[in-house]
2 protein chains.
Amino acid sequence: MSQIEKIRHSLSHVMAQAVKELYPEALLGMGPAIENGFYYDFDNANFKEEDLARIENKMREIMKKDFSFEKREVVKEKAKEIFKNNPYKLELLDDIEKDNVSLYQSGNFVDLCEGPHVQNSKEIPVDSFKLERIAGAYFKGEETRPMLKRIYGLAFETKNDLETYLSNKRENEKRDHRKLGAQLDLFCFSDIVGSGFPLFTPRGTIVINELKKKIEDICENYGFQRVLTPHLAKIDLYEKSGHAKKFSEELFHVTSPQNHNFVMRPVLCPHQTQIYASKIRSYRDLPIRYMESEKMYRAEKPGEVRGLSRVYGITIEDGHSFCRVDQVKDEIKGMVSIVKDFYGLFDLWGNHQTYLSVRDYAHPEKYIGEKKDWDLCEEILEEVAKEMKLDAKKQEGEAAIYGPKLDFMFKDALGNEIQIPTVQIDFATPKRFNLAYIDKNGKEQHPIIVHRAVLGSYERFIALLLEHYNGNLPFWLAPEQVRIIPVSDKFMDYAEEIFEETKKEKIRAYLDKDSDTLSKKIRNGETQKIPYLLIVGEKEKNEKKVNVRCREKKQEMITTEEFVKKLKEEAYS
Amino acid sequence: MSQIEKIRHSLSHVMAQAVKELYPEALLGMGPAIENGFYYDFDNANFKEEDLARIENKMREIMKKDFSFEKREVVKEKAKEIFKNNPYKLELLDDIEKDNVSLYQSGNFVDLCEGPHVQNSKEIPVDSFKLERIAGAYFKGEETRPMLKRIYGLAFETKNDLETYLSNKRENEKRDHRKLGAQLDLFCFSDIVGSGFPLFTPRGTIVINELKKKIEDICENYGFQRVLTPHLAKIDLYEKSGHAKKFSEELFHVTSPQNHNFVMRPVLCPHQTQIYASKIRSYRDLPIRYMESEKMYRAEKPGEVRGLSRVYGITIEDGHSFCRVDQVKDEIKGMVSIVKDFYGLFDLWGNHQTYLSVRDYAHPEKYIGEKKDWDLCEEILEEVAKEMKLDAKKQEGEAAIYGPKLDFMFKDALGNEIQIPTVQIDFATPKRFNLAYIDKNGKEQHPIIVHRAVLGSYERFIALLLEHYNGNLPFWLAPEQVRIIPVSDKFMDYAEEIFEETKKEKIRAYLDKDSDTLSKKIRNGETQKIPYLLIVGEKEKNEKKVNVRCREKKQEMITTEEFVKKLKEEAYS
């Protein structure tokens, strides 16, 4: 366990001690270290959100004393004696199968705990932790058990890390895509449609369609062909693919008064195999590459759907290459190039980590497929990683059961991880579906499938983009690229002239004919984060120019011709 | 009843008489006139398909005699005596509530029948009918009743009409879109996905996408904006819209292990209302026009799904305008223009009938909305029909309950009716969903919705197009527009040159590198109905020309430049 994890775990004990001193009647549940901090659960304790500062002060007071965290082993019966007044600890003790259990003592506080902890309280920095919030949590996470009060704490190695985390968090909240989505009028929800089902307005639909056009154009350059497959199927399809079992809890079942019985697809891949299987394929026909931007469905827990980041119907951008073993390398290279081309558009390529996930060599029995294929494909992935200078981190045991893969981890503006693109080799699916091609010798062979996800889910990707750019979408993605604002109705004619110019160039422009004041109109344009506002008045009309205001608030006076030229460069760059 | 219907009905009696003479043990069920002919159901009769000619001959023999069809009324008891050996007729008699029943006598044949019939057997033309086929049919159409043998007959007024019908039918069978779809590699089905769920191959996907682009571009010219809404919703949405009741038998219900409960939408309109409802709208914002090409679902009876013409997931091209009463006329005009522009692309505009469906004036209580709105909107539709020279046939009582409408009926190459486009005014939906806009005086008003369907369902439209064109899709829709066929590998270089030229012009071309013989390659291209095959050999290379073979089998030698120019004119025409 890393030092920061030990610190977090130790802080949870200190917090428990502080709560016990302030609220002696409190009963302790469990208290582990978690990502970014720690928590502890309490029953019978009367604290509220506003008491957190007091508890935090008490923790600092405790830590002023210099004490060590000491582990000792005792027989279970002895531990039961120590915790005899706490039914939760007694139950936890009963869950332990061994005869001896381990306790940790820090100052006068004793807890049932496996550790590890810091050795001494002095190792815990007092200015880089903070109690964050209180939440309800069922004992052991089971809905039938008592609801305890959980205090979440944040803890980092330095004060600076804590402050960065807090400021990013505030920024994240400000950039919440749900807020930005409403502000920019991109999508909405309806009570009678249901949460988890976003409705895309004309503006949001432009964003989806522009993204779709861009990713599909890139993929077309690498030989992918569009296909369209239905969102439903008989469950037989997923029994064969293995997804029926894997997604059994998240499968939507479809029935009707006519006794139909279908499922909504949890993945796209099996449908695409059926197009491949619809004809006899020759080795000369391969590789065959299909792509599709359509929906798949997961029955998320009703409480877990959220904005665009978690929805029931996920519009997935998915692609597969059906190829021969000797073609796998070029296929992988093409797919990595697609990832590079696409993420380059958002200046994210270069700011990422690549992972090469291979077998657990000690346990070959966990995987499907022959050793020689695995050897070859892992070698191919390594070669590609080297040749394309991906600086990939090798991860043993992280391969999928059906083959090794490359994963790409990007970070957004605030350092949040966005793991989306993946390139995976799959030996298993072609065998399950008995897909074949006729080789040079007239014999049937199974092709290999290479899966690739680039953009992932459109819904989630748009949520990420909105938060990444704080709503200032790149020019080519902005649903409204230019808004023309006449200072008054007197200049409407000239404004219309400019409007016609932009329309001719297929720029998504809008002419503001509202009766609002000029400053209100400018404010509206800014709120909606329109890349360019063109203010048109006396001076502009006389000089045959436009006053361009960009999102960075810079202003310049240029001719319409210059402006259009500039935009075209930006749109096609 | 028209004369031809009387003839058909009389033929069914003559057929029954012929069967009784040939198979005295046969028991008669029912025998009405139907579209294009007639049928009669028989039990206990031992005839097979090959006996139809014999029965037909017997009918002609019977009709050589000159006899009349005479109606007489008898008391039910007397009729029961006559039909005492036929349990079917006895049951039919029991179903009649009156005391007297009517019989028809023709020659020595008597049947329980309401008529009417021709007066004399001489009125029946002997050379314009034909016994077509035998099918099984439950008595009274009820699945629990005995299965009878039904003989279908065709009958027309003239021999010529019969022959036209038969030749169209043969042509229709040859043009079956399922056959053409496989031949052109446009779509396929999979047993483990299920029938009713077509999978579109890369070629079929091009056809869908080109159609989508074309219809959406046209609609965009008339101010429609694309939106995207989910395929599912809570049933609440359809309880409010009224569709839950209307489509209760055809609704797909969606459930999950997480206790979700949704339905798959049977129509698109309610979702689009929710985008309108997501913001406060002003009278200045109207009209707001949404369009969408997405799926809706109907739980068709499993036996009734068929190719692309009847599927479970219907990709519908649907649009709605939310407008003020004073805008309805312009909205209707725009929508009719869309229909005209779109069907003009297929040379179908002009070859159609327009229907103007208005209220049943005697029963105003059957409709939703105020009389003054109905008066105005019917007047508007009449004005539009007049101004746009639609030559519309007025149909009283054919309006929807929520408003009057215009329907367009097209005929395909073989005279089959294709009713698709419709423009409907709707007063009810905005009220049900409480949609509003703020009028000039700051008061809330309900907008009016104008619905329009142009292309209808993509699946069905493609089926119709394939059959209409016998697979020879217009150039702009053809998935592969040009195939370049080198006479031998020696001319591959020159072929590649031409291929690059066509690619530059964004023509969907394909270079045939297969090792087949030249004649096989040409045959393949013809089977797939590629608009242009370019044969490239010695002569073509030397003269820097291409040998163009079009689908009409005409050939010409022209330069690549001339060819590309010609194509571009065709593609953009």
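The values are calculated or read from the model by the stated rules, or taken from the named source; none is laboratory data. Computed from a predicted model, the values in this text were never measured in an experiment. With ideal geometry, Cβ positions are generated from the backbone for all residues, glycine too; neighbour counts draw on all protein chains shown. Note: areas computed on protein heavy atoms with side chains; ligands, DNA, RNA excluded. Shrake-Rupley method; radii C 1.70, N 1.55, O 1.52, S 1.80 Å.
Beta bridges assigned by DSSP with both partners in the protein assembly as shown are antiparallel in approximately 85 percent of cases. In summary, the protein assembly as shown shows an alpha-carbon radius of gyration equal to 1.16 times the 2.2 N^0.38 Å reference for compact globular proteins.
Computed over region A:110-228, the alpha-carbon pair-distance distribution with 10 angstrom bins reads 10, 18, 22, 22, 17, 10, 1, each value a whole percent. Summarise the accessible area of chain B (1.4 Å probe, protein heavy atoms) by the percent that is carbon and sulfur. Whole-percent figure for carbon plus sulfur exposure: 46.
For the pairs B:Lys340/B:Lys506; A:Lys48/A:Lys529; B:Lys159/B:Lys411; A:Lys240/A:Lys411; A:Lys20/A:Lys411, note any where the Cα-Cα span goes beyond 31 Å. Pairs exceeding the cut-off: A:Lys48/A:Lys529; A:Lys240/A:Lys411; A:Lys20/A:Lys411. Accessible area per residue, 1.4 Å probe, Å², for region B:375-463: what's the number? On a per-residue basis, region B:375-463 sits at 43 Å². Karplus-derived 3J(HN,Hα) values for region A:474-485, using 6.51 cos²θ - 1.76 cosθ + 1.60 with θ = phi - 60°, are x, 3, 5, 9, 4, x, 10, 8, 9, 10, 9, 10 Hz; glycine and proline are entered as x.
A cut-off of 5 Å between modelled amide H atoms, ignoring neighbours fewer than 5 places along the same chain, links B:Arg226 with B:Met291. Buried surface between chains B and A: roughly 4900 Å² of accessible area, summed over both sides, computed with a 1.4 Å probe on protein heavy atoms only. Pairs exceeding a 29 Å alpha-carbon distance, out of B:Lys504/B:Lys545; A:Lys214/A:Lys539; B:Lys174/B:Lys521; A:Lys541/B:Lys212: A:Lys214/A:Lys539; A:Lys541/B:Lys212.
Each copy carries B:Lys568; placing its label point 7 Å along the C-beta direction from Cα gives inter-copy distances of 1.7 nm, listed from smallest up. Put simply, the amide H of A:Glu132, placed in the peptide plane, has neighbours under 5 Å in A:Tyr152, A:Gly153, A:Leu154, leaving out anything fewer than 5 places away on its chain.
Counting only other chain Cβ atoms within 10 Å of each residue's Cβ, the peptide A:221-228 averages 4. Peptide B:182-191 is shielded by partner chain Cβ atoms: per residue, an average of 3 of them sit within 10 Å of its Cβ. Region A:1-62 and region B:355-428 have Cα centres lying 73 Å from one another. Of the cross-linked pairs A:Lys503/B:Lys329; A:Lys58/A:Lys130; B:Lys490/B:Lys513; B:Lys6/B:Lys71; A:Lys64/A:Lys89; B:Lys6/B:Lys130, those separated by over 18 Å at the C-alpha level are A:Lys503/B:Lys329; A:Lys64/A:Lys89. Just to confirm a number: summing +1 for Lys and Arg and -1 for Asp and Glu over residues other than A:Gly334 whose beta-carbon lies under 12 angstrom from that of A:Gly334, what do you get? Charge balance near A:Gly334 sits at +1.
Within the full protein context, the accessible area of B:Asp236 is estimated at about 60 Å² for a probe radius of 1.4 Å. Stokes-Einstein, applied to the Kirkwood radius of region B:30-91 over Cα pairs at a viscosity of 0.692 mPa s and 37 °C, places its translational diffusion at 223 µm² s⁻¹. Among the GluC sites (Glu not before Pro) within region A:1-47, those in coil by DSSP and having at most 14 neighbouring Cβ atoms inside 10 Å are A:Glu25, A:Glu35. The same position B:Arg170 in the other copies lies at 8.5 nm from this copy, comparing label points 7 Å beyond Cα toward the beta-carbon, shortest first. Neighbours of A:Tyr367 by Cβ distance under 14 Å: Lys/Arg scored +1, Asp/Glu scored -1, total -3. Cross-link partners of B:Lys301 among lysines, defined as those whose alpha carbon lies under 19 angstrom from its own and excluding same-chain residues fewer than eight positions apart: A:Lys234, B:Lys245, B:Lys246. Counting only residues at least eight positions apart within a chain, or on another chain, the aspartates and glutamates with an alpha carbon under 12 Å from that of B:Lys393 are B:Glu382, B:Asp407. Computed over the alpha-carbon atoms, region A:508-573 gives an Rg to Rh ratio of 0.96, Rh here being the Kirkwood radius from the mean inverse distance. Cross-link reach is defined here as a Cα-Cα straight distance under 17 Å, omitting same-chain residues fewer than 8 places apart; for A:Lys122 the aspartates and glutamates meeting it are A:Glu5, A:Glu56, A:Glu61, A:Asp66, A:Glu70, A:Glu157. With its label point put 7 Å out from Cα toward Cβ, B:Gly344 sits 4.3 nm from the same residue's point in the other copies, in order from shortest. In the frame of its principal axes, region B:416-573 has Cα extents of 78, 36, 24 Å, reported largest first. Summed over qualifying helices (DSSP H, 4 residues or more, each -39500 (n - 2.57)) and divided by its residue number, the protein assembly as shown shows a 222 nm mean residue ellipticity of -10500 deg cm²/dmol.
Along its principal axes, region A:3-170 has C-alpha extents of 46, 35, 26 angstrom, given from the largest down.
A compact globular protein would have a Cα radius of gyration near 2.2 N^0.38 Å; the ratio found for region B:383-508 is 1.77. Would you work out if chain A is rounded, prolate or oblate? Take a ≥ b ≥ c from the square roots of the eigenvalues of the alpha-carbon gyration tensor; rounded if a/c is under 1.5, else prolate when a/b is larger than b/c, oblate otherwise. Oblate, because a/c is 1.5 or more while a/b does not exceed b/c.
Report which residues of region A:229-246 become buried by 50 Å² or more of accessible surface when going from the isolated chain to the complete set of protein chains (1.4 Å probe; DNA, RNA and ligands ignored). For region A:229-246, once contacts with the other chains are taken into account, A:Pro230, A:Leu232, A:Lys234 lose 50 Å² or more.
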